[in-house]
1. Given the conditions (1) in a helix (DSSP H, G or I); (2) within 10 Å of ligand 1 (Cβ to nearest atom), report the number of the one that VAL11 does not fulfil.
2. For residues that are open to solvent by 20 Å² or more (accessible area, probe 1.4 Å) and not in a helix (DSSP H, G or I), scanning just the range 143-159, find the one that is farthest from ligand 1 (Cβ to nearest atom).
3. Starting from residues that are of a type in the set (Gly, Ala, Ser) and surrounded by fewer than 19 Cβ atoms within 10 Å (Cβ to Cβ), keep the ones in the range 191-227 and report whichever is farthest from GLY397 (Cα to Cα).
4. If you scan the range 1-24, which residues turn out to be open to solvent by 20 Å² or more (accessible area, probe 1.4 Å) and within 16 Å of ligand 2 (Cβ to nearest atom)?
5. Of these, SER258, SER213, SER254, SER219, which one is out of contact with any strand residue (DSSP E or B) (no Cβ under 7 Å at 6 or more places or on another chain), on the phi > 0 side of the Ramachandran plot and within 14 Å of ligand 2 (Cβ to nearest atom)?
6. With ALA223, ALA138 as the choices, which residue is part of a helix (DSSP H, G or I), away from ligand 1 (no atom under 15 Å from the Cβ) and out of contact with any Ser or Thr (no Cβ under 7 Å at 6 or more places or on another chain)?
7. If you scan the range 296-318, which residues turn out to be touching a residue at least 40 places away in the same chain (Cβ under 8 Å) and open to solvent by 80 Å² or more (accessible area, probe 1.4 Å)?
Amino acid sequence: MTDAAVRCVTVLGSTGSIGKNTLDVIARHPDRYRVHALTAHASSEALLAQCLVHRPAVAVLSAEADAAWLRGELKAKGVATTVTAGVEALCEVARDSAADTVMAAIVGGAGLLPALAAADAGKRVLLANKEALVMSGALFMDAVAASGATLLPIDSEHNAIYQCLPAEHRGGLSRHGVSQLLLTASGGPLRHLSAEALERVTPEQACAHPNWSMGRKISVDSATLMNKGLELIEACWLFDAAPEQVQVVVHPQSVVHSMAAYADGSVIAQMGNPDMRTPIAYGLAWPERIDAGVRALDLFQVARLDFESPDEERFPCLRLAREAMLAGGTAPAVLNAANEIAVDAFLDRRLGFAAIARVVDDVLEREPAAPAASLEAIVDADRRARHLATQRVSHHGMPRR
Ligand code: NAD
Ligand code: MG
C-alpha cells in the first residue's frame, strides 16, 4: 500500500469496548492507518493513555473541566494534541476533512449527532452505534445517499449479512433474489430462566455474557433481547428490508454471525469466532481483507451448531421493537429512548430486570408514533420518551422480595 492510501481514522467512543478493539486492529497496521481523533465521555485517564500511544491531532471529552485536565497532562508530556469538549466538538471531528474514516462507537442516542455529521460529510462510516440508526433510520440513510458516504455495518450480525449479500444490494432484496435475512442471536446469559426467575435478575447476572465481552448497556440489551430488536430495526434500514423479511434465530454458540437466504434455496452464512475485531477489520480494510488478530475458527472444537426460535413471551423486547418498526415514524426513537432510561435504572438497581420491557411498553403506548421527517421531530420524541420513561421507572421500581 502506498503512503497516499493511508487511511486517516477518527474513533468516536475510543475508550469503549468497540473503540479499544478498533485501536487494536489499527495498531497492527501502522502502514495502513493513522489516527486523526479520539473521543470519550468522561474516561479522561483512559483517553490520555490512548493519546500517548496514538498521538491523535484531536481528542474530545464531554466536559470542559475534563478537557482542561487532559490538555495539561498532554502538554506536560510534550504531546501536541488539541483537546476540545462537548457535542459540537464531537460533530466537528466527525466531519473534519482531515479524516476519511469515522468509527461511530459511542453508545446510545448520545452518538446520533456525530454519526449523522460523519454521514453528512461523506465519510466512510463504520457504524457500531446502532441506536443512531434506530432513532433516525430514514434521515440517516438519506444523508448517506446524498453525500455519497460509504456506510459499513460493524454490528457483527449486519456485517455478516453485508458479507453474504451481493455487492450491489440496494433497491429491494427480492430484486437480488434474497428471500430472507436470518439474524442470529446468542439468546444471552438468561436464555433458560423462567419468567419468575427473570424478575429477580441482577446487573451482574445480566452483564455476564457467555460469548461476547461488551459494554454494560449492550450486555443488558442482549439479556433482554432488546439488542436483537434494535438489530432487527437496524437490518431493515441497512438492507432495505421489511420487518417480515428478517427472521431472528437463536444460536447459542455465536459462530454463525448471520445469514442471507436466497430464492433458489441457498443460505449463505458468515462464520467466525465471536471477536469484534473481525467486523472492525472488515470495515477498515473493505474491500480488502487484513489480519485482525483473531484466532482461526476451529470447527472441530465448535463441534456443533444449534438453532432455535426466540421466546417472545419471556423476552417481550424483541416483539416491542418489531412493532415499533411497523408503527414507523418516531416509534423506534421512542422505543430506544425508553430502553436507555430503563437499562440505566436497572444497572443502578432502581428497576427490576423484567420491568425494563414494561417501561418500554408503557412509553410506546403513551407516546404514539409521529412522522420522523426532521431531526427536530426525532430529538423531540426522544426527549419526551426519556421524561415519560423516568416516570414509569418510579412506578414499576424493584420487584418485591
Ligand atoms: P462502551 O460502553 O464500552 O463504550 C462507549 C463509548 O462511548 C466510550 O468511549 C464512552 O466514553 C463513550 N460515550 C458514552 N456516553 C457518551 C456520551 N454521552 N457522549 C460522548 N461519548 C460517550 O460501549 P460498547 O460496547 O463499545 O458499544 C458502543 C456501541 O457499539 C453501542 O452502540 C453498541 O450497541 C455497539 N456495539 C457494540 C458491540 C460490542 O461488542 N461491544 C457489538 C455490536 C455493537
Ligand atoms: Mg450485534
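The values are calculated or read from the model by the stated rules, or taken from the named source; none is laboratory data. Since we're looking at a predicted model, the values are computed, not measured. Ideal geometry is used to build each Cβ from the backbone, glycine not excepted, and the neighbour counts take in all protein chains shown. Heads up: the accessible areas ignore ligands, DNA and RNA and are worked out on the full protein's heavy atoms, side chains in. Shrake-Rupley method; radii C 1.70, N 1.55, O 1.52, S 1.80 Å.
1. (1) is the only condition that VAL11 fails.
2. It comes out as GLY148.
3. That would be SER213.
4. GLY16, SER17, ILE18, ASN21
5. After applying the criteria, what remains is SER254.
6. Values: ALA223 fails: away from ligand 1 (no atom under 15 Å from the Cβ).
From the options ALA223, ALA138, the qualifying one is ALA138.
7. ARG304, PHE307, GLU308, SER309, GLU313, listed by residue number.
This table checks each residue for (1) modelled with pLDDT under 95; (2) open to solvent by 10 Å² or more (accessible area, probe 1.4 Å); (3) within 13 Å of ligand 2 (Cβ to nearest atom).
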residue	(1), (2), (3)
GLY229	no, no, yes
PHE239	no, no, no
ALA263	no, yes, no
MET271	no, yes, no
PRO274	no, yes, yes
THR278	no, yes, yes
GLY283	no, no, no
